[in-house]
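Taking it in order: structure first as structure tokens, then the write-up.
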Amino acid sequence: MEKTLIILKPDAVQRGLIGEITSRFEKKGLQIVGMKLMTIPASIAEQHYAPHKGKPFYEGLVRFMTCSPVVVLALAGKDAIVIARKMMGATFGSKAEPGTIRGDYGVSNAYNLIHGSDSPEAATKELGLFFKADELQTWKPTIQEWVYDMTKGTPE
Ligand code: GTP
Ligand code: MG
């Protein structure tokens, strides 16, 4: 199954939204294979957001991401990257559709609650930045055969 890296940003943790947001992913059928509370070291935040280096919001973004604890989640599922991004909604809280995480819980452009990997390459890089191999669990949810049609051996 595809894996993606999700970060519940400092505003989500401070606002008591860890449970609400994580619960949406669980209910959708995405499987939690890694989860921890951490304060992101500046060097990791800089590597994570390296593609934005030089943009006007970059330094503020690194400061924000390191100012208070976050929750990092590794989620697994068929098409997990695209599904998680759809559930997050548009980048800016002011633009995100109701029904999405950013649309339902946020109004800010900068404090937008959540990060999700945007490609398989980004997911591989970001999972490696935030999780050691032994922090990711391989486990079979007992409900899996009801989340997917597994009758042909692969998830549908
Ligand atoms: P991430 O999942 O966090 O990477 O968000 P994204 O992929 O939806 O957006 P993008 O990668 O373009 O931007 C990364 C983050 O930088 C956003 O989530 C915002 O927190 C912040 N950001 C992006 N654009 C702006 C901006 O114009 N102003 C400010 N203040 N922050 C921005
Ligand atoms: Mg991004």
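Starting at the first residue of region 79-94, write each ³J(HN,Hα) from the Karplus equation 6.51 cos²θ - 1.76 cosθ + 1.60 with θ = phi - 60°, in whole Hz, x for Gly and Pro.
6, 4, 5, 5, 4, 5, 5, 5, 5, 5, x, 4, 4, 8, x, 5
For region 1-68, how big is Rg over Rh, using alpha carbon atoms and the Kirkwood form of Rh?
Rounded to two decimals, Rg/Rh equals 1.01.
Once you charge only the Cβ atoms, +1 for Lys and Arg and -1 for Asp and Glu, what is the size of the charge dipole of the chain about its Cα centre, to the nearest 20 debye?
Around 220 debye, computed over the chain.
Do the sum for the chain: with -39,500 (n - 2.57) for every DSSP H run of n ≥ 4, divided by all residues, what is the mean residue ellipticity at 222 nm, to the nearest 500 deg cm²/dmol?
It comes out at -10000 deg cm²/dmol, rounded to the nearest 500.
Please enumerate, by chain and number, the aspartates and glutamates with C-alpha under 20 Å from the C-alpha of residue 3, excluding those fewer than 8 residues away in the same chain.
26, 79, 118, 121, 126, 134, 135, 145, 149, 156
If you average the C-alpha positions of region 35-70 and of region 96-156 separately, how far apart do those two centres end up, in angstrom?
19
For the peptides 40-49, 1-10, 141-150, what is the packing order when you average, over each peptide's residues, the other Cβ atoms within 10 Å and list the highest mean first?
1-10, 40-49, 141-150
Working from Cα positions, state the angle (0 to 90°, nearest 10) between the long axis of helix 18-28 and the longest principal axis of the chain.
Between helix and principal axis, roughly 30 degrees.
Once the dipole of the chain is set up with Lys and Arg at +1 and Asp and Glu at -1 on Cβ about the Cα centre, which of 117, 101, 33 lies farthest towards its positive end?
101
Of the cross-linked pairs 27/78; 27/95; 36/78; 55/86, which ones have a Cα-Cα span greater than 19 Å in the structure shown?
Violating the 19 Å limit, Cα to Cα: 27/95; 36/78; 55/86.
Calculate I(q)/I(0) for region 2-147 by the Debye formula, one identical point scatterer on each C-alpha and no solvent, and give its log10 at q = 0.14, 0.19, 0.20 Å⁻¹ to two decimals.
-0.63, -1.22, -1.36
Computed from the coordinates by the stated procedures, all read-outs in this text should not be read as laboratory data. Here the structure is a predicted model, which is why all the values come from computation and not from measurement. Every residue, glycine as well, gets a Cβ built from its backbone with ideal geometry; the counts of neighbours run over all protein chains shown.
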